[in-house]
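So the structure is just underneath, and the comments pick up after that.
Computed from the coordinates by the stated procedures, all read-outs in this text should not be read as laboratory data. Small disclaimer: the values here were computed from a predicted structure and weren't measured. Quick reminder, even Gly has a Cβ in these numbers, built from the backbone with ideal geometry, and neighbours come from all protein chains shown.
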Amino acid sequence: MDHIVYEPYSKNTSLIIQKYEDNILDGFIPTKTDIDSIQITQERHKQIPFSFEVTQDMVDTLACAESLDQYYTDIEPVYTNTKIIGTRVYKGKCVICMSSRYTKIKLKCSHIFHRKCIQQWSNWKQTCPTCQDPL
């Protein structure tokens, strides 16, 4: 991977290498934004190639994550303005966000969600995320 490295080159190169090493030990690769944010910036710069060895599992995971990011970025909602009907409840946990805070609704299938969570879900699927009953 190539990065633009600013003067002082040796100090910034050391910072970049340390960032990669720390993040690879933690199981992920830093983004370009991560790398750019740690450098001492000056006007003079040059492009320097960096290469690091990572496990095949990490390569596979990154490839999958990038393709999923692109998939969810490109996806358009299928349904809009779906009216979700349910009973207001205060107890229970929303199975989408796993939070028990705030008022939720109980669908006719008895599953509990925050209205906002189930409304967002309904833009893509018209079924309960838990049991697949129609909303």
(request) Note down the net charge around K93, summing +1 for each Lys or Arg and -1 for each Asp or Glu among other residues with Cβ under 14 Å from its Cβ. (result) +4
(request) Evaluate E = 1/(1 + (r/R0)^6) for K46 and E76, where r is the Cβ-Cβ distance and R0 equals 25 Å; express this FRET efficiency to the nearest 0.05. (result) 0.05
(request) Would you mind checking which residues have amide H under 5 Å from T127's amide H? H placed 1.01 Å from N; only 5 or more apart, or other chain. (result) L135
(request) Treat each spin label as a single point 7 Å out from the Cα along the C-beta direction, and report the D26 to C97 distance in nm. (result) 2.5 nm
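How charged is the neighbourhood of P134? Take every other residue with its Cβ under 12 Å from the Cβ of P134, and add Lys/Arg as +1 and Asp/Glu as -1.
Values: positive: K108, K125; negative: D133.
Within the 12 Å Cβ shell, the charges total +1.
Pulled fully out, how much extra length does the chain show between D57 and T127, if you take 0.36 nm times their separation in residues and subtract their Cα-Cα distance?
Residue separation times 0.36 nm, minus the Cα-Cα distance, leaves 21.8 nm.
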